[in-house]
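Have a look at the structure below, then the notes.
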Amino acid sequence: SQQGEEDPQALSIQEGENATMNCSYKTSINNLQWYRQNSGRGLVHLILIRSNEREKHSGRLRVTLDTSKKSSSLLITASRAADTASYFCATDFPRGFGNEKLTFGTGTRLTIIP
Amino acid sequence: NAGVTQTPKFQVLKTGQSMTLQCAQDMNHEYMSWYRQDPGMGLRLIHYSVGAGITDQGEVPNGYNVSRSTTEDFPLRLLSAAPSQTSVYFCASSYSGTQYFGPGTRLLVL
């Protein structure tokens, strides 16, 4: 079963606007990651946030993590056409092999309108 | 440095046929995994390996076999293809929690 669920499933915004997508998960985690997938391509790692962190930045990306609510958000500021892609959150498996084994959500499809 | 490579890019099989999806990485990562991606389902883990000679099942292992004779290679075998295995298959290697994905193999089973 899916550990993470992204919301919304699809999002369309104008270029230059900010995009926010959310991820909820079910069980305790060691870390949470966000990946991007361009159409027809493999996933690309964007950012990792550990369970003891609340916020992390990388360029135009800002990720927050609320372990009490079992949720995370990904904010992309000043969106560009090249940001059009699907975005997935991934959590490490709740038990056993540490943070190498991941469970992915179903993704948010982001479309940036020029 | 090619990263993670997968072959073939696209394959059509008939029900009952077998085939091997190839995956190789040149980053010397110990951990490798196979996922399938279906519309609306995200990625689901099929099998994974924590090093040469060590493999284990993921969420959806039925109908698939893997082996890991070297650090570099992690092939996925479909024993007897079924239409339900029509999907996009991704191989990934991992280091320090970050997964590096190959470009994927699109498989169509008729």
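The values are calculated or read from the model by the stated rules, or taken from the named source; none is laboratory data. Predicted model, so just to flag it, every value in this text is computed and none were measured. Cβ atoms come from the backbone with ideal geometry, glycine included; neighbour counts cover every protein chain shown.
Of note:
- Enumeration of residues in region A:1-38 that are away from chain B (no Cβ under 11 Å), surrounded by fewer than 14 Cβ atoms within 10 Å (Cβ to Cβ) and either modelled with pLDDT under 90 or closer than 14 Å to A:Leu102 by Cα (or both): A:Thr27, A:Ser28
- The residue of region B:38-47 that is modelled with the highest pLDDT, among those that are crowded, with 20+ Cβ neighbours inside 10 Å and within 16 Å of A:Ala90 (Cα to Cα), is B:Ile46.
- Residue satisfying all of: in region B:83-110; in contact with a helix residue (DSSP H, G or I) (Cβ under 7 Å, 6 or more places away or on another chain) and facing chain A (nearest Cβ under 7 Å); surrounded by the most Cβ atoms within 10 Å (Cβ to Cβ) among these: B:Ser94
- The residues in region B:35-74 that are closer than 27 Å to A:Ser86 by Cα and in a loop (DSSP other than H, G, I, E, B) can be counted, and the count is 8.
- Selection status of B:Gly42, closer than 25 Å to A:Gln9 by Cβ and free of Cβ contacts under 8 Å to residues at least 40 places away in the same chain: yes
- Test: B:Arg77 is in a strand (DSSP E or B), basic (Lys, Arg), away from chain A (no Cβ under 11 Å) and touching a strand residue (DSSP E or B) at 6+ places or on another chain (Cβ under 6 Å): yes
- Some residue of region A:29-39 being charged (D, E, K, R), under 25 Å from A:Pro114 (Cβ atoms) and in contact with a strand residue (DSSP E or B) (Cβ under 7 Å, 6 or more places away or on another chain): yes
- B:Ser33 vs. criteria polar (S, T, N, Q), touching a residue at least 60 places away in the same chain (Cβ under 8 Å) and in contact with a Lys or Arg (Cβ under 9 Å, 6 or more places away or on another chain): yes
- Residue in region A:86-105 that is over 25 Å from B:Arg36 (Cβ atoms) and either within 14 Å of chain B (Cβ to nearest Cβ) or part of a loop (DSSP other than H, G, I, E, B) (or both) present: no
- Residues satisfying the stated conditions in region B:19-58, i.e. aliphatic (A, V, I, L, M) and under 19 Å from A:Thr106 (Cβ atoms): B:Met41, B:Leu43, B:Leu45, B:Ile46
- Residue within region B:87-109 that is in contact with a strand residue (DSSP E or B) (Cβ under 6 Å, 6 or more places away or on another chain), more than 26 Å from B:Lys14 (Cβ to Cβ) and charged (D, E, K, R) present: no
- When region B:20-34 is filtered for residues that are farther than 14 Å from B:Ser87 by Cα and either within 12 Å of the chain's Cα centre (by Cα) or part of a strand (DSSP E or B) (or both), the ones remaining, listed by number, are B:Thr20, B:Gln22, B:Cys23, B:Ala24, B:Gln25, B:Tyr31, B:Met32, B:Ser33.
- Matching residues in region B:4-53 - criterion: being among the aliphatic types (A, V, I, L, M) and within 16 Å of B:Tyr89 (Cα to Cα): B:Val4, B:Val12, B:Leu13, B:Met19, B:Leu21, B:Ala24, B:Met32, B:Met41, B:Leu43, B:Leu45, B:Ile46
- Pairs with Cβ under 8 Å, 6+ apart, first in region B:5-27 and surrounded by 15 or more Cβ atoms within 10 Å (Cβ to Cβ), second part of a loop (DSSP other than H, G, I, E, B) and acidic (Asp, Glu): B:Ala24/B:Glu72; B:Gln25/B:Glu72
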